[in-house]
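The values are calculated or read from the model by the stated rules, or taken from the named source; none is laboratory data. These numbers were taken from a predicted model, which means no experiment stands behind them. Glycine also receives a Cβ, built like all others from the backbone with ideal geometry; neighbour counts cover every protein chain displayed.
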Amino acid sequence: MKFFYLHGFASSPQSAKAQDLRTQFATFRRNRFTSEDIILQIPDLNQNDFTHLTLSRQLQQVRAILPASSTTIIGSSFGGLTAAWLGESCPQVERLVLLAPAFRYLEHWLPTIGAAQLQQWQAGQPLLVYHHGEGRLLPLDYQIVSDLQQYNEANLRKPVPTLILHGLEDEVIPVQVSRDYARDRAWVNLVELDSNHALIDQSSRIWQEICQFCFH
């Protein structure tokens, strides 16, 4: 069984959630399967070039490494949005687990950027973003915005079995966004958690839900 974990925006494979899942999968494999039976890959979506990050680039990167066999993708925040689009276009993706997926991302992100700063960004001056993986500010091109504007989430209609875990106190992407997404998609199961966007305090519950969804 092959699994991919896609980290969030301005994060990395060394994030707390990524490393927790790596440990959980390794323990599960030792207890239940041989080493060949379950594989978790955690690609670095930064590609050593955070400045030119876009959703299209992430999709292209992951499509190039997806195996031909059945695969489950777990995605966090912007990685969850990426996972949803991969599920729509890649026939080998048989399940999706989305952790606080960044649906309607521009709607919630752009208002947090001051009008003057947004204007400068649009004019070509890179936006400085704190990168949690790097622990410092990094420049980001406006191309991420113009690229995202090409994607209409209303077109995510392929019935790929999907589990969404979303915090009730999410300060980045409100839980209502996932409620709206799940409402008219019968193949989506939304689990609401008493947590914020990071979901760090929910690692045990997240693993429990993943096991129930993927292995039972």
* Could you please tell me which pairs satisfy a Cβ distance under 7 Å, a separation of 6+ or placement on different chains, a first residue in the range 72-92 that is in contact (Cβ under 8 Å) with a residue 24 or more places away in the chain, and a second residue that is part of a helix (DSSP H, G or I) and among the aromatic types (Phe, Trp, Tyr)? => Phe78/Tyr105; Leu81/Tyr105
* Spans of helices (runs of 4 or more DSSP H) in the range 72-131 with at least 3 residues in contact with a Leu (Cβ under 6 Å, 6 or more places away or on another chain) -> 78-89
* To do: For the range 54-64, state whether one or more residues are over 23 Å from Glu134 (Cβ atoms), out of contact with any Leu (no Cβ under 6 Å at 6 or more places or on another chain) and in contact (Cβ under 8 Å) with a residue 24 or more places away in the chain.
  => yes
* Boolean, Gln212 is among the polar types (S, T, N, Q) and touching a Ser or Thr at 6+ places or on another chain (Cβ under 6 Å) -> no
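Yes/no matrix, rows are residues, columns are (1) of a type in the set (Lys, Arg); (2) without any contact (Cβ under 8 Å) to a residue 60 or more places away in the chain; (3) closer than 21 Å to Leu86 by Cβ:
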| residue | (1), (2), (3) |
| --- | --- |
| Gln120 | no, yes, no |
| Gln150 | no, no, yes |
| Asn155 | no, no, yes |
| Pro174 | no, no, no |
| Arg183 | yes, yes, no |
| Leu193 | no, yes, no |
| His197 | no, no, no |
* Asked: Within the range 159-166, is even one residue among the aliphatic types (A, V, I, L, M) and assigned to a loop (DSSP other than H, G, I, E, B)?
  -> yes
* Asked: In this structure, does Ser56 turn out to be surrounded by fewer than 20 Cβ atoms within 10 Å (Cβ to Cβ), closer than 17 Å to Ile144 by Cα and touching a helix residue (DSSP H, G or I) at 6+ places or on another chain (Cβ under 8 Å)?
  -> yes
* Asked: If you scan the range 63-122, which residues turn out to be among the β-branched types (Val, Ile, Thr) and surrounded by 17 or more Cβ atoms within 10 Å (Cβ to Cβ)?
  -> Thr71, Thr72, Ile73, Ile74, Thr82, Val93, Val97
* Could you tell me whether the range 156-173 includes any residue that is modelled with pLDDT of 95 or more, in contact with a Lys or Arg (Cβ under 6 Å, 6 or more places away or on another chain) and over 19 Å from His108 (Cβ atoms)? => yes
* Does Glu153 fit the bill of being surrounded by 14 or more Cβ atoms within 10 Å (Cβ to Cβ), closer than 13 Å to Tyr105 by Cα and either modelled with pLDDT of 95 or more or out of contact with any helix residue (DSSP H, G or I) (no Cβ under 6 Å at 6 or more places or on another chain) (or both)? -> yes
